[in-house]
């Protein structure tokens, strides 16, 4: 792992503590998914099909909007950035409440679907742009301090110190990051045990939440945390696209083959109900971290 110099020295605790949590923040799962534009283009097509068939809800969007509104962070005069905006569900919901929203996403198809969603909703004060956030030069793009709120949800774009620094450089007030604490998916567990004989993976995914909180605290910021519990039941027809998504979540890269994708699709087709639908239950907890880049305390010592 490349070791980066720290843009800000720790104000609380020894430097070794900060280095420990930065390393955790930058760590990746052993079998990390492919984060190429092509992968997210395929995911965009699958998500759009689910949306059309009303199999993908917006519960997390509604919950997040309510949270930000309660905190006074969706003001009519605000400029908001959405990092890793995907198909624009958050960005469009924010745009109906603020002056302007700018979204950034690696996938051209995500951006295409997002702009189509904005037009469908009659929202004109949103711009989504295809962008590799990890390669974005904030200063060169004129984005330093350009936003009142920089928001990100479930995106790998900001995992790591460089991405975190970019997020804070872009904000003139607030940053909000949402990530998994745990996520349990009944269909994934069935495929793991029944089809591949694998023990269920731990649903804990909170290391990025935990490490980000500690990095911010050691840098002298005062991050606020809150939690969003979601329970979702879905019924949908089996598809090759969703079989591919399940395969990415279950198997290491060397086993993500056309043959195994076909096995997953065949299993799903064999486990449909009388209407040809697969049932999936997801239980998840999402952790929110909110902080103000203007408030950096030098008080306190561990």
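Every number here is computed from the coordinates shown, using simple stated rules; none is lab data. Computed from a prediction, not measured in an experiment: that's the story for all the values here. Quick reminder, even Gly has a Cβ in these numbers, built from the backbone with ideal geometry, and neighbours come from all protein chains shown.
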Original post:
Nearest 10 degrees, 0 to 90: what angle lies between the long axis of helix 258-270 and the longest principal axis of the chain (Cα atoms)?
Top reply: 70
Original post:
Using only the Cα atoms of the stretch 151-302, what do you get for the radius of gyration and for Dmax, in Å?
Top reply: 19.7, 63
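Can you tell me how much longer the chain between residue 233 and residue 38 gets when fully stretched, taken as 0.36 nm per residue apart minus their C-alpha distance, in nm with one decimal?
Extra length from residue 233 to residue 38 when fully extended: 67.4 nm.
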Subject >> the stretch 179-245 and the stretch 43-110: distance between their alpha carbon centers, rounded to Å >> reply: 19
Subject >> Helix-only mean residue ellipticity at 222 nm for the chain, each DSSP H run of n ≥ 4 adding -39500 (n - 2.57), per residue, nearest 500 >> reply: -11000 deg cm²/dmol
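Report the extension gain between residue 63 and residue 254 in nm, rounded to one decimal, defined as 0.36 nm multiplied by the number of residues separating them, less their alpha carbon distance. Write out the running numbers ahead of the final one.
Working: separation 191, 0.36 × 191 = 68.76 nm, distance 3.76 nm.
Taking 0.36 nm per residue and subtracting the Cα distance, the gain is 65.0 nm.
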Original post:
Taking Rh as the Kirkwood radius computed over C-alpha pairs, what is the Stokes-Einstein D of the chain at 10 °C in a medium of viscosity 1.306 mPa s, expressed in µm² per second?
Top reply: 77
Original post:
Mind checking which of 141, 121, 77 has the largest fluctuation in a GNM of the chain, springs on alpha carbons under 10 Å?
Top reply: 141
Subject >> Spacing of the two label points (7 Å from each Cα toward its C-beta) at residue 77 and residue 273, in nm >> reply: 5.2
Subject >> Among 136, 73, 128, residue whose mean-square fluctuation peaks in a GNM of the chain (springs only between Cα atoms under 10 Å) >> reply: 136
**OP:** Go ahead and set up a Gaussian network model of the chain, Cα springs under 10 Å, then flag whichever of 71, 288, 89 fluctuates most.
**Re:** 71
**OP:** Could you grab the relative contact order for the chain? Cα pairs under 8 Å, six or more apart, rounded to a whole percent.
**Re:** 22
Original post:
What share of the DSSP beta bridges in the chain is antiparallel, in percent to the nearest 5?
Top reply: 55
Subject >> Stretch gain in nm, segment residue 195-residue 137, where the contour uses 0.36 nm per residue and the Cα spacing is subtracted >> reply: 16.4 nm
**OP:** Note the angle between two axes, namely the Cα long axis of helix 240-250 and the longest principal axis of the Cα atoms of the chain, as a number of degrees from 0 to 90, rounded to the nearest 10.
**Re:** 60
Subject >> Cα point-scatterer Debye curve for the stretch 186-259, base-10 log of I(q)/I(0) at q = 0.14, 0.19, 0.20 Å⁻¹ >> reply: -0.69, -0.93, -0.97
**OP:** With label points built 7 Å along Cα→Cβ from the Cα atoms of residue 146 and residue 27, find their separation and express it in nm.
**Re:** 3.4
Original post:
If the viscosity is 1.306 mPa s and the temperature 10 °C, what Stokes-Einstein diffusion coefficient in µm²/s follows for the stretch 68-132 when Rh is the Kirkwood radius over Cα pairs?
Top reply: 139
**OP:** Could you give the spread of the C-alpha atoms of the stretch 122-166 along their three principal axes, from largest to smallest, in whole angstroms?
**Re:** 37, 25, 21
